[in-house]
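The structure appears below as structure tokens.
The values are calculated or read from the model by the stated rules, or taken from the named source; none is laboratory data. If you're wondering where the values come from, they're calculated on a predicted model, not measured in any experiment. Cβ: placed from backbone, ideal geometry, glycine included. Neighbour counts: every protein chain shown.
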Amino acid sequence: MPVGQPARQQVVNPATLLYPLQQASFDAGFLLAAATTALAVREHRGRRAQPAVGLIMAAATLVTLLATGNAPAPIVPALALLTAGGTASATVRRHIPPSPDPLAHLVRPACLAAPLLPGAALLAWFPAPAYPPPVPHVLWVRLAVMAMVVGGSLALWSFDRRWGQLSPGLLTVSTAGIFATVPDTQQAVALMGVAGGVALMAWHPRLRLGQVGIPPLLGVVAWTVAVGGRGRHSAIVGGLTCLGLLVIEPLVHLLLSAKGHEPTTTGRRGLPRVLVLAALGGQLLVASLESRVAGLTPTTQEAVVIGLPVLVAAFGMLLAWQRVGWRWAKEVMSARPAGSSPGG
């Protein structure tokens with residue numbers, strides 16, 4: 001396929017569903033991420049430390065894109081700044097613990113987000129050559145990229161800390177949705193390959209994206225969506241909202257925590273299989289609607305009108321789950337070590 005040619009026909013044609021597997025960038029990203037993640041899991045075997053693969057995903061995607069000529073060199077310092085910002089935020093998080101004080105609910109997130117702003121701004125505004133194309137010179141697109149990197153990092157830190165075993169699988173579904181909606185898929189196919197390679201190790205019960213690696217990873221994701229959606233800006237809306245449960249669930253958790261609801265966590269033994277399948281199914285539904293419905297509309301306004309209710313509905317379903325379904329899941333997980341049946 002010629003460089004820069006939209007791959008829409010190949011994506012939707014059933015005869016070419018294997019198109020990503022035929023691309024060198026997908027294969028290279030998949031193998032690089034799978035091998036590196038396997039080494040990280042092996043290195044952490046028997047240790048209390050958790051394998052943090054977010055940085056692996058960001059680095060593998062960047063290396064793959066640079067090697068295939070699908071990313072400009074100026075993206076490197078932007079992602080380096082986001083990595084440094086993630087490190088600084090991790091330090092801030094250790095020194096500013098959560099507090100019941102209402103003011104702390106505002107100050108702590110601001111302190112965590114501040115170190116990410118320079119890297120997010122550079123990612124959205126750095127100058128780039130004509131190809132690989134830069135982020136569109138549209139104000140709302142650049143602000144959306146920054147918001148996804150900064151706000152998405154805050155949300156994904158919360159999600160990953162409590163549901164880390166689900167993160168690689170849900171993120172893989174998100175990257176597939178991004179690939180299915182952006183008109184130019186050169187960057188998206190590499191990102192999807194990397195996510196798929198990491199998802200092979202999602203069985204590890206203590207796998208985490210990690211606080212340091214989440215900002216550069218979301219930087220790669222947001223940049224990929226913005227660049228791939230240059231030809232149809234509604235795809236940028238659909239692509240960013242494909243993150244779905246990864247950013248919605250932390251909002252639900254924040255709401256319930258403010259009301260004194262019991263915090264949720266995976267525990268050391270991981271999640272029951274039915275919960276994993278339900279989460280993947282919910283993410284697949286949200287990503288499908290956002291990518292194949294909202295992301296294919298002709299205008300940005302239509303994409304927002306369609307995509308926003310999908311997120312609101314997902315928020316409502318997760319809210320009901322946390323209030324009712326979580327009690328059942330907790331009984332299942334507490335019964336697993338003893339080998340008893342759910343709820344017994």
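Structure above, values below:
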{"quantity": "Close pairs from segment 166-192: first over 18 Å from residue 298 (Cα atoms), partner among the acidic types (Asp, Glu) and surrounded by 24 or more Cβ atoms within 10 Å (Cβ to Cβ), Cβ under 7 Å, at least 6 apart", "calculated": "167/160"}
{"quantity": "Residue among 150, 135, 198 that is β-branched (Val, Ile, Thr) and at pLDDT 95 or above", "calculated": "150"}
{"quantity": "Selected residue [of a type in the set (Val, Ile, Thr), surrounded by fewer than 24 Cβ atoms within 10 Å (Cβ to Cβ) and within 22 Å of residue 293 (Cβ to Cβ)] from 221, 247, 182, 189", "calculated": "247"}
{"quantity": "Count of segment 32-72 residues which are in a helix (DSSP H, G or I) and in contact with a strand residue (DSSP E or B) (Cβ under 7 Å, 6 or more places away or on another chain)", "calculated": "0"}
{"quantity": "Complete set of residues in segment 275-302 that are surrounded by fewer than 16 Cβ atoms within 10 Å (Cβ to Cβ) and in contact (Cβ under 8 Å) with a residue 12 or more places away in the chain", "calculated": "292, 298, 299, 302"}
{"quantity": "From the options 198, 173, 194, residue that is crowded, with 22+ Cβ neighbours inside 10 Å, on the phi < 0 side of the Ramachandran plot, part of a helix (DSSP H, G or I) and touching a Pro at 6+ places or on another chain (Cβ under 6 Å)", "calculated": "198"}
{"quantity": "Evaluation of residue 290 against (1) modelled with pLDDT under 95; (2) over 21 Å from residue 139 (Cα atoms); (3) charged (D, E, K, R) (one fails), failing number", "calculated": "(1)"}
